[in-house]
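Step one of this worksheet: look at the structure below.
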Amino acid sequence: QNQGDIVLKSLTLELIEGSKGQFAIGQLTLPDGRQFVDVKGTTELHGRELTFTDLTLLPNLVVQRLQADLANLPNGPIPFDLSIASGAAKIAATGSISGIDDEISATATIQIDQLSRSHLAQFVTLPESPDWIAEHLILKTKGPFLRPDLMQADLTLEASGSLPSPSIQGKVVTQIQIANGHLQVIALELVSAATTITAIATAPLPKQRKVM
């Protein structure tokens, strides 16, 4: 195995029209070295609509549902429905994807509840930052993924965080919008003890997103 490779060992994918089947992976190694072992779930196939349920990636990370209608491959639209649970954290996403073989475009609504920095750090490497928790986030987006200037998006966020030294705890409520090639912070409120800070801002977006 070379560094950066994806290695898959022992795959079982059972697709039965109109009925439930099995999905299992003995071991999956990602380019960063992270491993998923003994991944198991259930499949269900109706025509070109494929559904995975109760897909256990880790003991504390379960894809409760992943459904995609593949009838319009490759250009789409491809409707999808996703829900993930990990402890108290919940992630749900619905929408559709188009242009997989050309310019990827998506229309989606994503909701995240009770996701903390410490919990997320169990699964991905994060930069150093104070502790925080996203108590409630809703993102609605539409447009080509690699063209921020053509995207439309609305984000609302309720979060809280803390600094160890000096000891500061606060809550953040914000609403951000992307439209007409600009990112706009429509409302940003930071509340800590008796202090409240509010702000608004706007900035132009690049025409092309850099792909690493």
Across region 128-141, what is the total count of residues that are in contact with a Ser or Thr (Cβ under 6 Å, 6 or more places away or on another chain) and buried (at least 17 other Cβ atoms within 10 Å of the Cβ)? 1
Condition first: more than 24 Å from L73 (Cα to Cα), in contact (Cβ under 8 Å) with a residue 24 or more places away in the chain, in contact with a strand residue (DSSP E or B) (Cβ under 9 Å, 6 or more places away or on another chain) and surrounded by 13 or more Cβ atoms within 10 Å (Cβ to Cβ). Can you find one or more residues in region 27-40 that meet it? yes
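Test E44 against the stated conditions and say whether it is crowded, with 16+ Cβ neighbours inside 10 Å and charged (D, E, K, R). Outline the logic, then answer.
On the way: crowded, with 16+ Cβ neighbours inside 10 Å: yes; charged (D, E, K, R): yes.
Yes; evaluated as a whole, the condition is true for this residue.
Table: residues versus (1) under 27 Å from S83 (Cα atoms); (2) of a type in the set (G, A, S); (3) in contact with a Leu (Cβ under 8 Å, 6 or more places away or on another chain).
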{"residue": "H119", "(1), (2), (3)": "yes, no, no"}
{"residue": "A134", "(1), (2), (3)": "yes, yes, yes"}
{"residue": "L150", "(1), (2), (3)": "no, no, no"}
{"residue": "S160", "(1), (2), (3)": "yes, yes, no"}
{"residue": "V173", "(1), (2), (3)": "yes, no, yes"}
{"residue": "Q184", "(1), (2), (3)": "no, no, no"}
{"residue": "V191", "(1), (2), (3)": "no, no, no"}
{"residue": "T198", "(1), (2), (3)": "no, no, yes"}
{"residue": "K207", "(1), (2), (3)": "no, no, no"}
Residues located in region 56-80, provided they are under 15 Å from I104 (Cβ atoms), of a type in the set (A, V, I, L, M) and either in contact with a strand residue (DSSP E or B) (Cβ under 6 Å, 6 or more places away or on another chain) or not in a loop (DSSP other than H, G, I, E, B) (or both): A68, I78
Within region 48-55, can one find any residue that is touching a Phe, Trp or Tyr at 6+ places or on another chain (Cβ under 8 Å) and in a strand (DSSP E or B)? yes
Search result, residues across region 41-63 that are farther than 24 Å from P74 by Cα and in contact with a Lys or Arg (Cβ under 9 Å, 6 or more places away or on another chain): T42, D54, L55, T56
Among the listed residues P144, P148, which satisfies the condition of being in contact with a helix residue (DSSP H, G or I) (Cβ under 7 Å, 6 or more places away or on another chain), surrounded by 17 or more Cβ atoms within 10 Å (Cβ to Cβ) and not hydroxyl-bearing (S, T, Y)? P144
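Being buried (at least 17 other Cβ atoms within 10 Å of the Cβ) and not acidic (D, E) is the filter here; which residues of region 68-79 pass it?
A68, G76, I78, P79
Does region 155-168 include one or more residues that are open to solvent by 50 Å² or more (accessible area, probe 1.4 Å) and under 20 Å from the mean Cα position of the chain (by Cα)? Break it down into steps so the answer makes sense when it comes.
Taking region 155-168 first, the residues open to solvent by 50 Å² or more (accessible area, probe 1.4 Å) are 156, 158, 163-168.
So of that shortlist, the ones also under 20 Å from the mean Cα position of the chain (by Cα) come out as 156, 158.
Checking region 155-168: at least one residue is open to solvent by 50 Å² or more (accessible area, probe 1.4 Å) and under 20 Å from the mean Cα position of the chain (by Cα).
Might you let me know whether region 55-65 holds any residue that is exposed (fewer than 14 other Cβ atoms within 10 Å of the Cβ) and of a type outside the set (S, T, N, Q)? Before you say what the answer is, go through the steps one by one.
Within region 55-65, the first condition is being exposed (fewer than 14 other Cβ atoms within 10 Å of the Cβ), and the residues that meet it are 59-60.
Next, from what is left, pick out any that are of a type outside the set (S, T, N, Q): 59.
Yes; the residues of region 55-65 include at least one that is exposed (fewer than 14 other Cβ atoms within 10 Å of the Cβ) and of a type outside the set (S, T, N, Q).
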Tell me which residues, restricted to region 105-144, are over 16 Å from the mean Cα position of the chain (by Cα) and among the hydrophobic types (A, V, I, L, M, F, W, C). W132
Against the condition surrounded by fewer than 17 Cβ atoms within 10 Å (Cβ to Cβ), among the β-branched types (V, I, T) and at pLDDT below 95, how does T125 come out, does it pass? yes
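Being of a type in the set (A, V, I, L, M) and either assigned to a strand (DSSP E or B) or open to solvent by less than 50 Å² (accessible area, probe 1.4 Å) (or both) is the filter here; which residues of region 93-119 pass it? Steps first, please.
Of all residues in region 93-119, those of a type in the set (A, V, I, L, M) come to 93, 97, 100, 104, 106, 108, 110, 112, 115.
Across region 93-119, the qualifying residues are A93, I97, A106, A108, I110, I112, L115.
Looking at L137, is it part of a strand (DSSP E or B) and either at positive phi or at pLDDT 90 or above (or both)?
Values: part of a strand (DSSP E or B): yes; either at positive phi or at pLDDT 90 or above (or both): yes.
Yes; evaluated as a whole, the condition is true for this residue.
The values are calculated or read from the model by the stated rules, or taken from the named source; none is laboratory data. Note that the structure is a prediction, hence the values are computed from the model and not measured. Cβ: placed from backbone, ideal geometry, glycine included. Neighbour counts: every protein chain shown. Just the protein is used for accessible areas: all its heavy atoms, side chains included, with ligands, DNA and RNA removed. Shrake-Rupley method; radii C 1.70, N 1.55, O 1.52, S 1.80 Å.
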